[in-house]
Amino acid sequence: MSGSNFSKKFIFNEKIDSDYLYSLYEDDYQYIEEIFGTTLAHFDEDYNSIRTAYEANNLLELKKAIHKIKPTFGFCGLPLVQHICKEFEDFCQKANTSNELKSEYQQIVITLAESKELIATEYNKLKEFNSNFL
Amino acid sequence: MKWTCVIVEDLQVAADYLVKCCEKSALLQVKGHFTNVEEALDYLNKNSVDVLFLDVEMPGATGFDLLDQLAYYPKVILTTSKSEYAYNAFEYNVTDFLKKPFTYQRFQESLNKLTTPAGENNISSTATDHIFIKCDGKLVRLNNDDILFIESMGDYVKFVTIDKKYITHNTIKNLEEKVNRQCFIKVHRSYIININKIDDIRENDLFIKGNEIPVSKAHKADVLKRLNII
């Protein structure tokens, strides 16, 4: 968010849609670091809400929890993960018990955990990158 | 002078991003950020703001519940990741609908809609020969030429056409800005009429297909100006 002519000096992991990220924040790497940091700070709470709701067979809360975390991934340059969350949210809408979602749930918790790891790695890289420019 | 605004959003990263966008615009002063409807309502009922950035699904009550309970109606920009809410956005007459995440450019477009004077912010609805209203869970097309008049019924309005009546959740004040002004004119705080359907005018009433409609003193001169009196 710092101007229209910007450089792409930082090399993001290929799993991150850097074009999407630049469309949101341009080359404001400090701010991208902040976004990743905020995401990580709240990630476990939101992730645990998903697990708790699933284990309690509370589909309404499960749907709400996945809905809440969904845009986080868009904000972190992972629109595909956001889309996967949307699909899972739709599954929750149709299901009657959490058992019906077993395979989709197992897949999504893996996706979420991998995404967190990816964001954390990029966050540390960004921190180092930004500290070199201060 | 900046607009005052409040952000109601349970996702911290989205709220932070909105604050950043507001600051960058230099047009908005963020008065507060709330993560649930109850806290937001408590603030908004004590403090008036110009603009409300409102998420829909939050813990507890929804953003639409907040709008239902709010004593006044600021400009509302919905921020959600669910495009399915676009229909409700239409129903609640919100200024814009931002799908998360959105670019700063898209945010600016929303602000442009805030700055557009009332009545000019939806050219398609004011310039076309028809409108759509929500009725019985569907959107019903009404041709301007078929509408005789629109009558206020508190929080609802009644569209009276040649052969049918439709009741929908809306207000005369809101509709006044939305209908095609070439065809329609407000004649009373409770009535908008199709100017082409007037049969006759007597004193402070006009008649359309046997319906007697009051014309207020404040609107009478405007009505007479629009008639082709020879």
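What follows draws every value from the coordinates through simple rules; no lab data is involved. Bear in mind that the values here come from a model prediction, so they are computed numbers and not experimental data. Cβ atoms come from the backbone with ideal geometry, glycine included; neighbour counts cover every protein chain shown.
What percent do you get for the relative contact order of chain A when only Cα pairs under 8 Å and 6+ apart count? It rounds to 28 percent for chain A. Applying a DSSP loop filter and a limit of 14 other Cβ atoms within 10 Å to the trypsin sites (Lys or Arg not before Pro) in segment B:22-74 leaves B:K46.
Measuring nothing but how far apart in sequence close Cα pairs (under 8 Å, 6+ apart) lie, relative to its length, segment B:3-115 scores a relative contact order of 23 percent.
Radius of gyration over Kirkwood radius for segment A:1-63, both on Cα atoms: the Rg/Rh ratio is 1.18. Spacing of the modelled spin labels on A:N130 and A:T52, each 7 Å from Cα toward Cβ, amounts to 3.0 nm. Using θ = phi - 60° in the Karplus curve 6.51 cos²θ - 1.76 cosθ + 1.60, the 3J(HN,Hα) couplings for segment A:126-132 round to 5, 4, 5, 4, 5, 5, 6 Hz; x is entered for Gly and Pro. So what's the gap between the Cα centers of segment A:18-74 and segment B:10-83, to the nearest angstrom? One Cα centre to the other: 19 Å.
Computed from point charges on the beta carbon alone (+1 for Lys and Arg, -1 for Asp and Glu), the dipole magnitude for chain B about its Cα centre is near 680 Debye.
By the gyration tensor of its Cα atoms, with a ≥ b ≥ c the square roots of the eigenvalues, what is the shape of segment B:3-115: rounded for a/c under 1.5, prolate for a/b over b/c, or oblate? In terms of gyration-tensor shape, rounded.
Legend: ranking of residues A:H67, B:H169, B:H33 from fewest to most surrounding C-beta atoms inside 10 Å; resulting order B:H169, B:H33, A:H67.
For segment B:30-99, lysine pairs with C-alpha atoms less than 19 angstrom apart, excluding pairs fewer than eight positions apart on the same chain, total 5. With Kirkwood's inverse mean 1/r over C-alpha pairs for Rh, give me the Rg to Rh ratio of the protein assembly as shown, two decimals please. For the protein assembly as shown, the value is 1.07. Across chain B, Cα pairs under 8 Å and at least six residues apart give a relative contact order of 10 percent. Dividing the Cα radius of gyration by the Kirkwood radius, what Rg/Rh value follows for chain B? Dividing the radius of gyration by the Kirkwood radius yields 1.04. Determine, from the Cβ-Cβ distance of B:F207 and B:A26 and an R0 of 45 Å, the FRET efficiency 1/(1 + (r/R0)^6), rounded to the nearest 0.05. It comes to 0.25. For segment B:161-203, applying the loop criterion from DSSP together with a ceiling of 16 other beta carbons within 10 Å to the trypsin sites (Lys or Arg not before Pro) yields B:K164, B:R181, B:R189.
For the pair B:N228 and B:H130, a Förster radius of 22 Å applied to the C-beta separation gives a FRET efficiency near 0.40, rounded to the nearest 0.05.
Straight-line cross-link partners of B:K217 among the lysines, defined as a Cα under 26 Å from its Cα and at least 8 positions apart when in the same chain: B:K158, B:K173, B:K178, B:K186, B:K197, B:K209, B:K225. Here chain B is scanned for GluC sites (Glu not before Pro) in DSSP loops (not H, G, I, E, B) that have at most 10 other Cβ atoms within 10 Å, and the longest stretch holding none of them is B:1-119.
The long axis of helix A:79-94 is offset from the longest Cα principal axis of chain A by roughly 10 degrees.
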